[in-house]
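*Asks:* Dropping a structure here in structure tokens format, bear with me for questions.
The values are calculated or read from the model by the stated rules, or taken from the named source; none is laboratory data. Everything numeric in this text was worked out from a predicted model, so none of it was measured. Neighbour counts are summed over all protein chains in view; Cβ atoms, including those assigned to glycine, are modelled from backbone coordinates with ideal geometry. These area figures cover heavy atoms from the full protein model, side chains too; ligands, DNA and RNA do not enter into them. Shrake-Rupley method; radii C 1.70, N 1.55, O 1.52, S 1.80 Å.
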Amino acid sequence: MSAPTQNAKLLQWVQEVAAMTQPTAVVWCDGSQAEYDRMIQTTIDAGLATPLDQAKRPGGYLFRSDPSDVARVENRTYIASKSPEDAGPTNNWIDPEALKATMRGLYTGCMSGRTMYVIPFSMGPIGSPIAKIGVEISDSAYVVANMHIMTRVGTKVLEVLGKDGEFIPCLHSVGKPLAEGQSDNGQWPSAPVDHKYISHFPEERLIWSYGSGYGGNALLGKKCLALRIASAQARDEGWLAEHMLILKLTNPEGKSKFVAAAFPSACGKTNLAMLVPTVPGWKVETIGDDIAWMKFHSDGQLYAINPEAGFFGVAPGTSVKSNPNAMTTIAKNTIFTNVALTSDNDVWWEGIGFDPPAGDVIDWKGKVWDKKEPAAHPNARFTVPASQCPAAAAEWQDPAGVPISAILFGGRRPGTIPLVHEARSWNHGVFLGSIVGSEVTAAALDLKAGTVRRDPFAMLPFCGYHMGDYFQHWIDIGKTPGAKLPRIFCVNWFRKDAGGRWLWPGYGENSRVLKWIFEQCDGLDGSQETEIGIMPSAEAIGRPEGVSAEDMAELLTVDREGWRAEIADVHANHYPKFGSRMPAELWQELRELEARLAS
Ligand code: O2Y
Ligand code: MN
């Protein structure tokens, strides 16, 4: 096949990679439906995909990955900046030249027996001033199909790239060459864990991934490009690449505002992005569920785009109760990975809200489910076009982006953090983002149960440079001349009482909090200044069914003891990690909060 581009840098890179990896064929992807169908057929022929009942779930396919390749591998993810100080204490660092030497060894001949796909893609609407072009080279048809859904792939991207346009090279291999005549034969191809490398070279704007075919490790437009590399670009160019959903909130009078929100992984971002409000007359619509790129426009406002074109959502726990819009979205044209298969050839998972039909359920490992372990892997996923979401906002792919009025931070915090509070200033908001934490279970992370894992701005696994410099970048953004900055809020849907009972029902009732945030942005009354920031009265939120007046008081009272412990932890354990790169402004915010709580 002749190359459909005259971009010299791209042509040379493709030639170099092909010479190193030695594929059987090189295919340039055009992004067409016919190509998507061919990729799916290729995976079916290799025994990697199972078509679901096409009458019930048209365009639905099930994949089962290798049990060793089921999630992002943080301990095999590297930020290879020239200096270790620039990667910072919270990233894995390897010297870039040493890492390249190791990886070149692994890449040599790694695509033999396979096709090498060249996937030109745009993160963001093609041609948007905020969008970026990447080109992923991959030896996985599963990756091509998923990239079709998650990004904008194809010929149009090459047209925008032109002869000398810039792109981010993203090299990926599953790390499993095939001998002559060999096929995957139903075995998900990947390399052993200690051969997996998810590597980022932020100074070169380069991504090399080897050994995993799964999710964030392999769909390189998402976490690797749109967060780790883009965060370094954003720092250099004065914008923000964030792990945030974007939603459109409309009041009963038809006035709309756009909100971006950062939560650590597994805190319900997709559910919030597609929320169905219980407050009469209010509407939430979706712009994006995971990533926001935000830039100032000439009017001084921060405009956000969702750089993705699809959702790669967690299936377990998704139900008509938790996210009816997601359930409608995945009714067709959806790739499912590591969910269970029912006797009527449909998908099932824990928390779907109904029992599987009679007959054998096949679990995510491909065995008849014995009910001893979950039938679906806890990180099982659906990949689905965002255009299928019934709650997609009309503006979801506006190339200009949407103006952001409010930024929210949140995490799973059974104690201390109230239902909602607003920062007193931009720097105070940056402080709140910098101390975001989420409770982890002992089983999940080998930490003591009840321990809070700090995940500042929900970016800890996704920032491509030193987190102290990242905080400074947020402080500097606040000093942008003429900026009309968004207001910053902290939310916590996960408060429990002393007995472990949830205090807040969550789901659609979270719209009460969104309504208050909307009204705060409009300067309406219903709030009071406290030591920790601005908080609503119980009346301003209103009481959902089943929530007592005492519960409301607990949700909306400053827990002074809890906050003192919080401050002590930030002071002793969290901020010192970032050493001399920790901005003085944030130490100052910490001291001021300490003083307000002491008086
Ligand atoms: O496990 C993976 O590879 C996917 S991780 C992921 C996917 C979609 C959205 N967010 C995340 C995340 O870990 O934050
Ligand atoms: Mn995420």
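*Asks:* In 5 Å bins starting at zero, report the fraction of Cα pairs in the stretch 92-156 per bin as a rounded %.
*Replies:* Bins of 5 Å from zero give 4, 15, 18, 16, 15, 18, 11, 3 percent of pairs.
*Asks:* State the three equivalent ellipsoid semi-axes of the stretch 71-214, derived from the C-alpha gyration tensor as the square roots of 5 times its eigenvalues, in descending order and whole Å.
*Replies:* So the equivalent ellipsoid measures 24, 23, 13 Å along its semi-axes.
*Asks:* Okay, next question. Taking each pair of different alpha-carbon atoms in the stretch 491-599 once, compute 1/r for the pair, average those values, and report the inverse of that mean as the Kirkwood hydrodynamic radius in Å to one decimal.
*Replies:* It works out to 16.0 Å.
*Asks:* Let me ask something additional. State, in angstrom, two size descriptors of the stretch 461-551 derived from its alpha carbons: Rg to one decimal place and Dmax to the nearest whole number.
*Replies:* So, for the stretch 461-551, Rg and Dmax equal 17.1, 49 Å respectively.
*Asks:* Now, a different point. When the label point is put 7 Å from the Cα of residue 104 along its Cα-to-beta-carbon vector, which residues of the stretch 178-213 have a backbone N closer than 13 Å?
*Replies:* none
*Asks:* Roughly how much of residue 554 is accessible, in Å² to the nearest 10, using a 1.4 Å probe?
*Replies:* 70 Å²
*Asks:* Right, something else. Three principal axis extents, largest first, for the C-alpha atoms of the stretch 238-322, in Å?
*Replies:* Result, largest extent first: 42, 33, 20 Å.
*Asks:* So for the pair residue 559, residue 571, with labels modelled 7 Å out along Cα→Cβ, what separation do we get in nm?
*Replies:* About 1.9 nm, to one decimal.
*Asks:* Quick check: from the Cα gyration tensor, does the stretch 1-112 come out rounded (a/c under 1.5), prolate or oblate?
*Replies:* Oblate is the answer for the stretch 1-112, as a/c is 1.5 or above yet b/c matches or exceeds a/b.
*Asks:* On a 29 Å Cα-Cα criterion, which of the cross-link pairs 9/222; 156/283; 248/479 come out too long?
*Replies:* 156/283
*Asks:* Along the Cα→Cβ direction, 7 angstrom out, place labels at residue 16 and residue 400. What is the inter-label distance in nm?
*Replies:* 4.0 nm
*Asks:* So if R0 is 56 Å, what FRET efficiency would residue 387 and residue 598 give, r being the distance between their Cβ atoms, rounded to the nearest 0.05?
*Replies:* Step by step, r from the Cβ atoms, then E = 0.60.
*Asks:* Mind checking the full-extension length gain between residue 3 and residue 56? Use 0.36 nm per residue of separation minus the Cα-Cα distance, one decimal, nm.
*Replies:* Roughly 15.1 nm would be gained on extension.
*Asks:* May I pose another question? By how many nm would the segment from residue 194 to residue 480 grow when fully extended, if each residue of separation counts as 0.36 nm and the alpha-carbon distance is taken off?
*Replies:* Result: 98.5 nm gained on full extension.
*Asks:* Still on this structure, I have one more. Dividing the Cα convex hull volume of the stretch 30-83 by residue count, how many Å³ per residue is that?
*Replies:* Hull volume normalised by residue count: 154 Å³.
*Asks:* While we're on this one: Suppose the Debye formula is applied to equal point scatterers at every Cα of the chain; what is log10 I(q)/I(0) at q = 0.10 Å⁻¹?
*Replies:* Scattering profile of the chain, log10 relative to I(0): -0.87.
*Asks:* Could you tell me what percent of the DSSP beta bridges with both partners in the stretch 355-493 are antiparallel, to the nearest 5?
*Replies:* The answer is about 60 percent antiparallel.
*Asks:* Run the accessible area of the stretch 403-543 with a 1.4 Å probe and give the carbon-and-sulfur part as a rounded percent.
*Replies:* On the stretch 403-543, the fraction of accessible area on carbon and sulfur atoms equals 50 percent.
*Asks:* Residues of the chain: accessible area per residue at 1.4 Å, in Å²?
*Replies:* That works out to 37 Å² per residue.
*Asks:* Using alpha carbons only, what's the Rg to Rh ratio of the stretch 339-465 with Rh from Kirkwood?
*Replies:* Using Cα coordinates only, the ratio equals 1.07.
*Asks:* Ok, one more. Are there GluC sites (Glu not before Pro) in the stretch 129-198 that DSSP puts in a loop and that have at most 14 other Cβ atoms within 10 Å, and which ones?
*Replies:* In loop regions of the stretch 129-198 (DSSP not H, G, I, E or B), the sparsely surrounded GluC sites (Glu not before Pro) are 166, 180.
*Asks:* Can you work out ³J(HN,Hα) from phi for every residue in the stretch 491-504, in order, using Karplus 6.51 cos²θ - 1.76 cosθ + 1.60 and θ = phi - 60°, giving whole Hz and x for Gly and Pro?
*Replies:* Calculated HN-Hα couplings, in order: 10, 8, 7, 10, 5, 10, 8, 4, x, x, 7, 4, 8, 10 Hz.
*Asks:* What ³J(HN,Hα) values, in whole Hz, does the Karplus curve 6.51 cos²θ - 1.76 cosθ + 1.60 give for the stretch 172-180 when θ = phi - 60°, with x put for Gly and Pro?
*Replies:* For the stretch 172-180, the Karplus curve yields 9, 9, 6, x, 9, x, 10, 6, 4 Hz.
*Asks:* Give the percent of DSSP beta bridges with both residues in the chain that are antiparallel, rounded to the nearest 5.
*Replies:* Expressed as a percentage, antiparallel bridges in the chain total about 65.
*Asks:* Go from 0 up to the bin containing the longest alpha carbon distance in the stretch 141-281, width 5 Å each, and give me the % of pairs per bin.
*Replies:* Calculated P(r), rounded to whole percents: 2, 8, 12, 15, 17, 15, 12, 9, 5, 4, 1, 1, 0, 0.
*Asks:* Expressed in nm², what is the orientationally averaged projection area of the convex hull enclosing the Cα positions of the stretch 368-435?
*Replies:* Across all orientations, the stretch 368-435 yields a mean hull projection of 9.3 nm².
*Asks:* Report the calculated FRET efficiency for residue 332 and residue 358 (r = Cβ-Cβ distance, R0 = 30 Å), to the nearest 0.05.
*Replies:* The formula returns an efficiency of 0.75 here.
*Asks:* I need the semi-axes of the equivalent ellipsoid of the stretch 219-378: take the C-alpha gyration tensor, multiply each eigenvalue by 5, square-root it, list largest first in whole angstrom.
*Replies:* The equivalent ellipsoid of the stretch 219-378 has semi-axes of 35, 21, 11 Å.
*Asks:* So what is the 222 nm mean residue ellipticity for the chain from helices alone, if each DSSP H run of at least 4 adds -39500 (n - 2.57) and you divide by all residues, rounding to the nearest 500 deg cm²/dmol?
*Replies:* The helix contribution divided over the chain gives -7000 deg cm²/dmol.
*Asks:* Quick one: plug the Kirkwood hydrodynamic radius of the stretch 405-517 (C-alpha pairs) into Stokes-Einstein at 25 °C, 0.890 mPa s, and report D in µm²/s.
*Replies:* The Stokes-Einstein estimate is 159 µm²/s.
*Asks:* Rounded to the nearest 5, what % of DSSP beta bridges with both residues in the stretch 148-258 are antiparallel?
*Replies:* 65 percent
*Asks:* Further question: Enumerate the whole-percent occupancy of each 10 Å bin, from 0 to the last occupied one, for all C-alpha pair distances of the stretch 56-102.
*Replies:* 22, 31, 21, 15, 10, 1
*Asks:* Modelling each spin label as a point 7 Å along the Cα-to-Cβ direction, I'd like the residue 83/residue 160 distance in nm, to one decimal.
*Replies:* So the label points at residue 83 and residue 160 sit 3.5 nm apart.
*Asks:* Taking 60 Å as R0, compute the FRET efficiency from the Cβ-Cβ separation of residue 344 and residue 236 and round it to 0.05.
*Replies:* According to the calculation, E is roughly 0.70.
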